[in-house]
Amino acid sequence: MLKVENLYVNYGNVEALHGINLEVQEGEIVTILGANGAGKSTTLLTISGLLKPARGQIFFGDIEISKLEAHDIVKLGIAQVPEGRRVFSTLTVQENLNLGAFTVENDSKIKQVLDWVFHLFPRLKERRQQLAGTLSGGEQQMLAIARGLMANPKILLLDEPSLGLAPILVKSIFSTIREINQSGVTVLLVEQNARSALKLAHRGYVLEVGRIVLSGDAKKLVSDPAVRKAYLGG
Amino acid sequence: MELFIQQLTNGLAIGSIYALIALGYTMVYGVMKLINFAHGDLFSIGAYLGLTFLISFGLVDKVGAPVAILIIMLMVMGLVGLIGILLERVAYRPLRKADRLAAVVSALGASIFFSNSLMLIYGAKFRVYPHNLLPKSYITILELHIPVVRILLLLVSFILMACLYLFVQKTKTGTAIRAAAIDQGAARLMGINVNKIISIVFFIGPALGGAAGIMVGLYYGQVNFLMGWLYGLKAFIAAVIGGIGNIPGAMLGGLILGVIESLGAAYISFAWKDAIAFFVLIVILIVRPTGILGERVAEKV
Ligand SMILES: Nc1ncnc2c1ncn2[C@@H]1O[C@H](COP(=O)(O)OP(=O)(O)OP(=O)(O)O)[C@@H](O)[C@H]1O
Ligand SMILES: [Mg+2]
């Protein structure tokens, strides 16, 4: 469904991705693991069209999307929940959700997804008139995910949804991601929390300073000595 | 008391003009973090286009002054709005990724280009607006005689501002404008075409500025190619007083500045009218560096 081929991305003169290949099949949860600065966010931002690759291609189905504008990429069915949540803090929860559905024309579809999102995150329904900036960190992460889902995406890109959350919240967020996936949304999950991510995902890639160094089934990666040493604390 | 009320209503009228112009600065700043220094000249262009349309089509004779003024005002708003879009394409978009200073220099260049074009086309002397178009009557409230024109001017400004407010608060595009002002990257991830939002903002701001231009022409009866400079500066001050980037702030800042200036001119000294504007600015910036309704923007500038 999503295929990244030989992707190079630069920030100015600095090359951040040195030829990345990865693939996500329809229905999967795929995780990208890696330490700080490995290039995980760069990869997701490039898929979403906020960064342009220096070389390489990105296919979504049969469509080469790396030269498309970000808003057209969302329209095709790729939504992203960015690192650090980036909710619109001076807008209400409801306005944030409406913006998530910006590309969806069909009002009854929007209503349907909104009901689903409120079912996933009942807390947001209670707070729909509250300013997003006044939510707690965990609630903001819920809002960010909910906002991404409002685009009614085929694939959801999640950039470190567990960042800064208490373990119990991480658990609940991850089980919600599973539920989202089971209702038909493909998931590409970037994480530093390797243990939880590999438990959830079908497959994984390990990124180190701009290169994929390992990939395979999540179960295989969990027991890989190199992964255990670097990401699972031995 | 008579003097006070007269100055107050006059201050509100002129303040609402400042507010209309200030909205252009603040909306562009909100989305682009850029001060459009050519905005005052777009206001002048509005004033001159209004003059041309009023004297050249004979519209006033055909449909009567009120309808003619309304139609011409809408035409002026549309045209100045289009010039605004063009300005962004030519002077700012190519510099989007360049140094901030480059955009400032480009803005100043555009400002000089506009004011000099007006001078070449219309001449350097003051031009007089047709003066028999607006009612000369007064309405009397509690023995105070307030010119009808002044009330009309306030009314039209408030209608324009109310429309803008509803548009920005209640529509999908308006919400997208607010989102783009908060976080452009996140807005793009929502599927918002930020270039389109910028064009819309560069239409609305100049359109309101153009409306202010024709209103000043009608209210004061004369226009000059350099008028945009002082009005632009005052409106910019108003935008900063209210909190730059904040739409209700621009409206409030404009009204406050107009009233203080007008009262100051009456009770302190007319000659110090313009200095008072700067004084108010300095005091507000000392007390509240972000402006009255502004949030912390220092790190963004
Ligand atoms: N805006 C930028 N300008 C210059 N360099 C950048 C920029 N953003 C990221 N980089 C660099 O690109 C590399 C990859 O960064 P990226 O943000 O993709 O890492 P990451 O894997 O998401 O890290 P983290 O886990 O800390 O979020 C890093 O070396 C980083 O310093
Ligand atoms: Mg990152």
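The values are calculated or read from the model by the stated rules, or taken from the named source; none is laboratory data. Just so you know, these numbers come straight off a predicted model, no measurement behind them. Cβ placement follows ideal geometry from the backbone for every residue including glycine, while neighbour counts extend to all protein chains displayed. Just the protein is used for accessible areas: all its heavy atoms, side chains included, with ligands, DNA and RNA removed. Shrake-Rupley method; radii C 1.70, N 1.55, O 1.52, S 1.80 Å.
Surface calculation, 1.4 Å probe, protein heavy atoms: residue A:1 sits at approximately 50 Å² accessible. In the context of the full set of protein chains, residues of the protein assembly as shown present 45 Å² of accessible surface per residue (probe radius 1.4 Å, heavy atoms only). Within the assembled protein chains, the solvent-accessible surface assigned to residue B:263 is about 40 Å², based on a 1.4 Å probe.
Annotation: residue A:142 carries an accessible surface of approximately 20 Å², with a 1.4 Å probe and no ligand, DNA or RNA atoms counted. Only lysines eight or more places from residue B:234 in sequence, or on another chain, were considered; those with a Cα closer than 17 Å are B:273. Determine the shape class of the stretch A:80-152: with a ≥ b ≥ c the square roots of the Cα gyration tensor eigenvalues, call it rounded for a/c under 1.5, and otherwise prolate if a/b is greater than b/c, oblate otherwise. Prolate is the answer for the stretch A:80-152, as a/c is 1.5 or above and a/b outweighs b/c.
Calculated FRET efficiency, residue B:144 to residue B:295, Cβ-Cβ distance, R0 = 41 Å: about 0.55 to the nearest 0.05.
The largest accessible area among A:8, B:29, B:165 belongs to the first residue in B:165, A:8, B:29, and the rest follow in falling order (1.4 Å probe, all chains). Only Lys, Arg, Asp and Glu carry charge here, each on its Cβ (+1 for the first two, -1 for the last two); on that basis chain A has a dipole of about 540 debye about its Cα centre. With a Förster radius of 56 Å applied to the C-beta separation of residue B:116 and residue A:223, the computed FRET efficiency comes to 0.15. Legend: helices of chain B (whole DSSP H runs) are marked when their alpha-carbon atoms reach 27 angstrom or more along the helix axis and their mean Kyte-Doolittle hydropathy is at least -1.0; marked are B:2-32, B:65-87, B:100-122, B:148-170, B:194-220, B:247-267. Ordered from highest to lowest accessible area with the whole protein assembly present and a 1.4 Å probe, B:138, B:220, B:122 read as B:138, B:220, B:122.
Out of the stretch B:30-116, which trypsin sites (Lys or Arg not before Pro) are coil in DSSP terms and have no more than 13 other C-beta atoms within 10 Å? Hits after loop and neighbour filter: B:96, B:97.
For the protein assembly as shown, the share of DSSP beta bridges that are antiparallel, to the nearest 5, is 60%. These residues, A:86, B:288, go from largest to smallest accessible area, 1.4 Å probe, as B:288, A:86. List the residues of the stretch B:160-181 whose backbone N lies under 18 Å from a point placed 7 Å from the Cα of residue B:97 along the Cα-to-Cβ direction. Residues passing the 18 Å test: none.
Relative to the current alpha-carbon distance between residue A:11 and residue A:211, full extension at 0.36 nm per residue lengthens the span by 70.4 nm. Annotation: extensible slack from residue B:56 through residue B:133 equals 26.3 nm (criterion: 0.36 nm per residue apart, minus Cα-Cα distance).
For chain A, DSSP calls about 55 percent of its internal beta bridges antiparallel.
When the C-alpha to C-alpha distance is required to be over 25 Å, the pairs from A:40/A:171; A:154/B:33; A:75/A:220 that qualify are A:154/B:33; A:75/A:220. Seen through its C-alpha gyration tensor, with square-root eigenvalues sorted a ≥ b ≥ c, the protein assembly as shown comes out prolate because a/c lies at 1.5 or above while a/b is bigger than b/c.
Using a cutoff of 8 angstrom between alpha carbon atoms and counting only pairs six or more residues apart, the relative contact order for chain B works out to 38 percent. The overall shape of the stretch A:1-85 is rounded: from the C-alpha gyration tensor, with semi-axes ordered a ≥ b ≥ c, the ratio a/c is less than 1.5. Mean per-residue shielding of peptide A:95-102 is 5, counting Cβ atoms of other chains within 10 Å of each Cβ.
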